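Structure, as structure tokens:
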Amino acid sequence: MSTPTTTDTTLLHTAYVLGLGDDALVYSHRLGEWLTRAPQIEEDMALGNVGLDLLGQARSLLTHAGELEGRGRDEDALAYLRDERSFRNVQLVEQPRGDFADEMARMLWFASYQLALYVRLVDSADEVLAGVAGKAVKEVAYHRDHAAQWVVRLGDGTPESHERMAAALQRVAPYVAELTSDDEASVWAAERGIGVLPSSVEDEVHEYVASVLAQATLEEPEPARWHARDGRRGIHSEALGYLLAEMQHIHRSHPGAAW
Amino acid sequence: MYGNDFGEPLNAAETEDYTSAVQEYFDGLIADDQRIEPRDAMPEGYRSTLIRQIAQHAHSEIIGMQPEGNWITRAPSLRRKAILMAKVQDEAGHGLYLYSAAETLGVDRAELLDKLHNGRQKYSSIFNYPTLTWADVGAIGWLVDGAAIMNQVPLCRCSYGPYARAMIRVCKEESFHQRQGFEILWTLARGTDEQRAMAQDAADRWWWPALMMFGPPDSGEAATQGHTAQNMAWGIKRFSNDDLRQKFVDMTVPQADKLGLTLPDPDLRWNEERGHYDIGPIDWDEFWRVLKGDGPCNSQRVEHRRAAHEDGAWVREAAAAYAAKHAAGEVRGAVA
Amino acid sequence: MSDDTTAAHAPGANAQGWPLFEVFVRAKRGLSHVHAGSVHAPDATMALRNARDLYTRRQEGVSLWVVRSDDITASSPTERDSFFDPAADKVYRHPTFYDVPEDVEYL
């Protein structure tokens, strides 16, 4: 790899942090859609908590990305005034809300990935990132546990729930590999002790999920024929455009207004 | 209705076990301003009034999640989005505290939810109005939560212990709800022309429904009808609907001035003699109409709630089945 | 727990609701757990989590207990007099019952 220039350095560092922030932002948005729709009111509370944790992470990460970038963009400018192609989240988190099994499958994979990542980011050379990770690690450990508890109950519950959980895992399967795929920014960040190489946590994430599935009496889903890629380069599924249209429209309808 | 009760009046009918000695003990506790606790014998009317009122209150919290939840995905800043999510989540929590209080009276939450879903129990009619703009989120916090707090604070001294304790928790948590609503409108009122217009429009639409939240007139001649008198004697209600409404108006009018918003009542003026604000006539026809189902969102709210419940049935069944399978092997943590 | 009692608590296929658990919260170290309310949950593991999300989201606690409401044995209001009134005349259990000279320390 050639030596990056200062501009490259800024771009790559910003891009790495934005990827983490966009993952959290977009997933918190999807979880926000669950409020008033959960299977039991206690679960409205739980999904709300997970969503709020992720939104908190997103705000810290986007703010930090804006500072690294140095072009005066704050968390709202980054969240509300970028288009699809500038979002760097993985495609898993932008998928439309499915049933409760879909959500628990997604949360199990995503929280397992986030936990493996944040446990390591605690030692990041980027002190702000290390600080965010230190707080987030406790949060995502709880998210992972929550999802695991549910996957086990749905897998080992009724024949219907077993069926639904298995189907959900199958639907989510095409989006799993992207979580632990390396991209230019993460390779750059990992080399400098700022970030973690996603591929380096792949085994850990898969082992944990496999252990949950075993307990849930579920088979590992069949490998997906197609799998999502390049979310980190701004290549998304069509769902993200609609998500952003909804999220951003009030903000964009009133340019420069304070809220 | 958010701490109010509009069902048919109930008589304190007694069951066979309800002897005069027990009645005397109950009356003594009420007279001493002591709290009634779940296992105490109580008049059937007291129990059923409380169940209905607490259930309606809980339903209001749960249905009340919807008009605001409607804006979570569109909140115009991340700070607002976080606040709104926390607030809607709080409402779920308040509903749960209240169902928990109702269950101490010997009903099951599932039973109460069924009654909500099939329309046999009501919730506050305010939530049958739509939230059309972002400013509505502010108006709900400022006016609707403001009115709710006015109703709820006296309930912290309600004679039924579990209800009073739930209300203490709710009121403590609710204090941020009203403030964040005011802050939203404060920001809008100082923003662009469009934002100011949005804030004024929201105040115009929510003012009268907020006043209706206190319920129909029940002082003066009206006090002898309905069940205000009985509920006051039982220590379930501490102030009349009209007194609470007046307190709310007196508190809110100066706040509207501060915001620079007008309230949609040409008759609204300070009455030096009474030391209170006078208001124009409330459209009680609208109130009864919306209460009886003819409001813009009645069927939408209940349908949304019912759909969530029905969509979740297989999840609840799965968890129950899992629990049944694994109950024998459940590992209990040592008490520490 | 036998399957029979389980079925009664957590009816299976057409389960309307989950059993009720009472929640006790230790607000901070050095204090006892205090009853906070109840939650519904399919089992104790989930009850603990539901209690965490409901009763400690504003840092109200450092420790939680949940116990099945059905498992609580409570004194009965009809036994009220025999349970609690006998304590009423035992004022000698309270330190204020005793007259001691005012200038004696550490009593």
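The values are calculated or read from the model by the stated rules, or taken from the named source; none is laboratory data. Quick caveat, the model's predicted, so the values are computed rather than measured. So basically every Cβ, Gly included, is an ideal-geometry build from the backbone, and we count neighbours across all protein chains shown. Just so you know, the surface numbers come from the protein's heavy atoms only, side chains and all, with ligands and any DNA or RNA stripped out. Shrake-Rupley method; radii C 1.70, N 1.55, O 1.52, S 1.80 Å.
Listing for the model above:
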quantity	calculated
Test set (1) in a loop (DSSP other than H, G, I, E, B); (2) in contact with a Ser or Thr (Cβ under 9 Å, 6 or more places away or on another chain); (3) open to solvent by 40 Å² or more (accessible area, probe 1.4 Å); (4) not small (Gly, Ala, Ser) - B:Asp267 fails condition number	(2)
Residue match in segment C:31-42 (condition: in a loop (DSSP other than H, G, I, E, B), aliphatic (A, V, I, L, M) and either surrounded by 14 or more Cβ atoms within 10 Å (Cβ to Cβ) or touching a residue at least 60 places away in the same chain (Cβ under 8 Å) (or both))	yes
Positions within segment B:281-296 being out of contact with any Ser or Thr (no Cβ under 9 Å at 6 or more places or on another chain) and under 21 Å from B:Trp142 (Cα atoms), in sequence order	B:Ile282
Residue in segment B:38-51 that is open to solvent by 10 Å² or more (accessible area, probe 1.4 Å), at pLDDT 95 or above and either on the phi > 0 side of the Ramachandran plot or not polar (S, T, N, Q) (or both) present	yes
Close pairs from segment A:174-191: first in a loop (DSSP other than H, G, I, E, B), partner open to solvent by 30 Å² or more (accessible area, probe 1.4 Å) and at pLDDT below 95, Cβ under 8 Å, at least 6 apart	A:Val176/A:Ala224
A:Gly72 open to solvent by 10 Å² or more (accessible area, probe 1.4 Å) and free of Cβ contacts under 8 Å to residues at least 40 places away in the same chain	yes
Test result for A:Ala147, more than 20 Å from the chain's Cα centre (by Cα) and either within 23 Å of A:Pro39 (Cβ to Cβ) or among the β-branched types (Val, Ile, Thr) (or both)	no
Qualifying residue in segment B:292-314 (condition: in contact (Cβ under 8 Å) with a residue 24 or more places away in the chain, among the polar types (S, T, N, Q), touching a strand residue (DSSP E or B) at 6+ places or on another chain (Cβ under 6 Å) and more than 14 Å from chain A (Cβ to nearest Cβ))	no
Residue within segment B:142-151 that is closer than 30 Å to A:Arg73 by Cβ and in contact with a helix residue (DSSP H, G or I) (Cβ under 6 Å, 6 or more places away or on another chain) present	no
Unique residue being in a helix (DSSP H, G or I), touching a Lys or Arg at 6+ places or on another chain (Cβ under 9 Å) and more than 11 Å from chain B (Cβ to nearest Cβ) when the list is A:Gly66, A:Gly56	A:Gly66
Where B:Arg80 falls short, out of the listed (1) facing another protein chain (nearest Cβ under 9 Å); (2) under 25 Å from B:Val153 (Cα atoms); (3) touching a residue at least 60 places away in the same chain (Cβ under 8 Å)	(2)
The one condition in (1) within 12 Å of chain B (Cβ to nearest Cβ); (2) open to solvent by less than 10 Å² (accessible area, probe 1.4 Å) that A:Leu169 fails to fulfil	(1)
Residue in segment B:44-60 that is within 14 Å of chain A (Cβ to nearest Cβ), free of Cβ contacts under 8 Å to residues at least 60 places away in the same chain and out of contact with any Cys (no Cβ under 9 Å at 6 or more places or on another chain) present	yes
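Conditions tested, residue by residue: (1) part of a loop (DSSP other than H, G, I, E, B); (2) at pLDDT below 95; (3) small (Gly, Ala, Ser); (4) surrounded by 13 or more Cβ atoms within 10 Å (Cβ to Cβ).
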{"site": "B:Pro217", "(1), (2), (3), (4)": "yes, yes, no, yes"}
{"site": "B:Ala222", "(1), (2), (3), (4)": "no, yes, yes, yes"}
{"site": "B:Arg238", "(1), (2), (3), (4)": "yes, yes, no, yes"}
{"site": "B:Pro254", "(1), (2), (3), (4)": "no, no, no, no"}
{"site": "B:Arg274", "(1), (2), (3), (4)": "yes, no, no, no"}
{"site": "B:Glu286", "(1), (2), (3), (4)": "no, no, no, yes"}
{"site": "B:Glu303", "(1), (2), (3), (4)": "no, no, no, no"}
{"site": "B:Glu310", "(1), (2), (3), (4)": "no, no, no, no"}
{"site": "B:Lys325", "(1), (2), (3), (4)": "no, yes, no, yes"}
